[in-house]
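Structure first, commentary second.
What follows is calculated from the coordinates using simple rules that are stated; it is not laboratory data. Here the structure is a predicted model, which is why all the values come from computation and not from measurement. Heads up, the Cβs are rebuilt from the backbone with ideal geometry, glycines too, and the neighbour counts pull from every protein chain shown.
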Amino acid sequence: MLSRTSEQLRLRAAPLSPPKIQKRWSPRAFTIVELLVTISIVALLVGLMMPGFRAARESANRIQCSSNERQIGIGIYGYAAQNQEQLPQTVFDDVDSTMASEMMALTTGAMANSDLSGQWDGLGLLIDETRMFLDDPRVLYCPCHHGAHLFHDCAENLKKSSPFRVYGNYHFIGDTDTATGQLRLLLNQSSEDVIVADGMRTASDLNHRTGTNTLRGDLSVRFWYDRDFVLRNAVENSSTDDPPSEETYRNLWKLFGRTVH
């Protein structure tokens, strides 16, 4: 009995043997072929997803563009409230010498008539520092625009005394109806009367590939889809020296107003 107890005590006092360490399997490295296949698959997936990313970015920028035009509309209403319901005046809308292509200009620049040189004009009147109907001049520049007249290129010249003609990214219809020779009154504008559209002086002034945002007389903003490429074809071959004709602009404005695709 005693020897059995001593044996049990001896076994309890014996140190535990260390656990056996099992050797883990170590995976082998990628081969060159496997690496190239993986890279090719990733590149293919990225290529498939890029059009979706571009479309999402374009959609977001187009929404920001429509927001810009709505803010411009609020600024126009503020201007009209102080000017007998008239739209912002522009020297480029004179009945005798209509320059519809210059309706994107924010300043007159150097004019033959010194009394009109270096002044705000058209939509530029909305950022006149003495009235400031728009808080930020960036509103006059579309986030989708990648052609001529980017904001960072024009910012330094957005001054009333600037001898240069500065352009925004939006086209203004003007304050005079050339068909009747009468001033346009804001109170007469309806949801089918387009006051502002995206730039269309030359092909590089177009903000969107598929059409244009349009600001209506009731402050609504609609996107007009250029499915038949009427707008793009009208300005495709134009230049600053050879812009579209007055008749072309008049027909485009009518098309924007009566046709909503």
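Assuming 0.692 mPa s and 37 °C, estimate D for the stretch 128-207 with Stokes-Einstein, Rh taken as the Kirkwood radius over Cα pairs, in µm²/s. Estimated via Stokes-Einstein, D reaches 226 µm²/s.
Projected onto their three principal axes, the Cα atoms of the stretch 78-155 cover extents of 34, 29, 20 Å, largest first. Would you mind checking the stretch 157-178 for residues with the amide N under 13 Å from a putative spin-label position 7 Å along Cα→C-beta of Asp128? Counting backbone N atoms under 13 Å from the label point, the list is 160-161. When His171, His145 are arranged by Cβ crowding within 10 Å, least crowded first, meaning fewest neighbours, the order is His145, His171.
At full extension, Asn83 and Ile39 could sit 9.5 nm farther apart than now, given 0.36 nm per residue minus the alpha carbon distance. Each label was represented as a point 7 Å from its Cα along the Cα-to-Cβ direction; for Arg227 and His152 these points are 3.8 nm apart.
For the stretch 187-236, would you read off the P(r) tail past 13 Å as a percentage of all alpha carbon pairs? Every Cα pair in the stretch 187-236 considered, those over 13 Å come to 56 percent.
Hey, fewest Cβ within 10 Å first, where do Arg250, Arg201, Arg222, Arg258 land in order?
Working: Arg250 15, Arg201 25, Arg222 18, Arg258 9.
Sorted ascending by nearby Cβ count, the order is Arg258, Arg250, Arg222, Arg201.
Which of the three applies to the stretch 57-258, rounded, prolate or oblate, going by the alpha-carbon gyration tensor with a ≥ b ≥ c and a/c under 1.5 meaning rounded? Verdict is rounded for the stretch 57-258. Computed over the Cα atoms of the stretch 176-261, pair by distinct pair, the Kirkwood hydrodynamic radius stands at 13.5 angstrom.
In this label model, Ser117 and Asp177 are separated by 3.6 nm, measuring between points 7 Å along each Cα→Cβ vector. Modelled spin labels at Thr248 and Leu219, positioned 7 Å past Cα toward Cβ, are 3.5 nm from each other.
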